[in-house]
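Worksheet: the structure to be examined is printed underneath.
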Amino acid sequence: MEGAYHVTASGTGMRSFFSSKLNKIIDYCILALAAVAGFMVLFMLLAVCFATLSRYLFNKPYAFLIDYSSYSLLYIAFLGSPWLLQKRGHVAIDMLVNALPPGVRPFWCAAVNLITAFISVVICWIGLSLTYTNIINRVVVDDFLSTPKWILMAPIPVSAFFLAVQSIRNMIEDLSRRKRELKGDAA
């Protein structure tokens, strides 16, 4: 089974059935989601500044900008989270992991990633269902411009899908790291 693992540009070890092309596509999608989140941060900053200045300088408030800025927070959180998971930047309980024996740590991390993937799949399924229901029923939010609710729900299943994929990639990397460590100890 030697050579069954390789490391992608993002540092994720994968089994041979995941081609490097598929890994690059996943990495690109996750980066694109993070870029959208980054642009939304910039948009939100400019929109809030403009709305505030227009209210005080020109006595002409643009209330819808505040509504859309608050909706941006949802997009920023959900679209940026797969990138953060890829960089392993999420909150972790290091004290507990560091207290575990070194041989158990990769299995613990793999188990946490498996649970995360399962929860993400459930959230993706529910998010898709709710988004579809909101499209079919034409549900709108009671805001300044009657925003369709599916627009607010859409980032949830997208993010959850990529969180599940990245969690599985992280799990495989943790287990392959353990396998490499065992091979290094045996040599």
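The values are calculated or read from the model by the stated rules, or taken from the named source; none is laboratory data. This structure is a prediction, so every number in the text was calculated from the model and none was measured. Neighbour counts run over all protein chains shown; Cβ positions are idealised from the backbone, glycine included. Calculation scope for accessible area: heavy atoms of the full protein, side chains included, ligands and nucleic acids excluded. Shrake-Rupley method; radii C 1.70, N 1.55, O 1.52, S 1.80 Å.
Tabulated data for the structure shown
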quantity: Among residues of the stretch 125-148, those that are surrounded by fewer than 19 Cβ atoms within 10 Å (Cβ to Cβ) and assigned to a helix (DSSP H, G or I), counted; calculated: 9
quantity: Criterion (in contact (Cβ under 8 Å) with a residue 24 or more places away in the chain, out of contact with any Ser or Thr (no Cβ under 8 Å at 6 or more places or on another chain) and more than 29 Å from CYS124 (Cα to Cα)) met by exactly one of ALA99, ALA37, ALA63; calculated: ALA63
quantity: Residues within the stretch 98-139 that are touching a helix residue (DSSP H, G or I) at 6+ places or on another chain (Cβ under 6 Å) and of a type in the set (Val, Ile, Thr), tallied; calculated: 6
quantity: Residue within the stretch 154-162 that is at pLDDT 85 or above, assigned to a loop (DSSP other than H, G, I, E, B) and buried (at least 16 other Cβ atoms within 10 Å of the Cβ) present; calculated: yes
quantity: Residue check for VAL121: modelled with pLDDT under 95, closer than 19 Å to ALA77 by Cα and open to solvent by 60 Å² or more (accessible area, probe 1.4 Å); calculated: no
quantity: Those residues of the stretch 1-37 which are of a type in the set (Gly, Ala, Ser) and either assigned to a loop (DSSP other than H, G, I, E, B) or at pLDDT 95 or above (or both), in sequence order; calculated: GLY3, ALA4, ALA9, SER10, GLY11, SER16, SER19, ALA32, ALA34, ALA35, ALA37
quantity: Evaluation of GLY103 against (1) modelled with pLDDT under 95; (2) open to solvent by 40 Å² or more (accessible area, probe 1.4 Å); (3) farther than 28 Å from LEU31 by Cβ (one fails), failing number; calculated: (2)
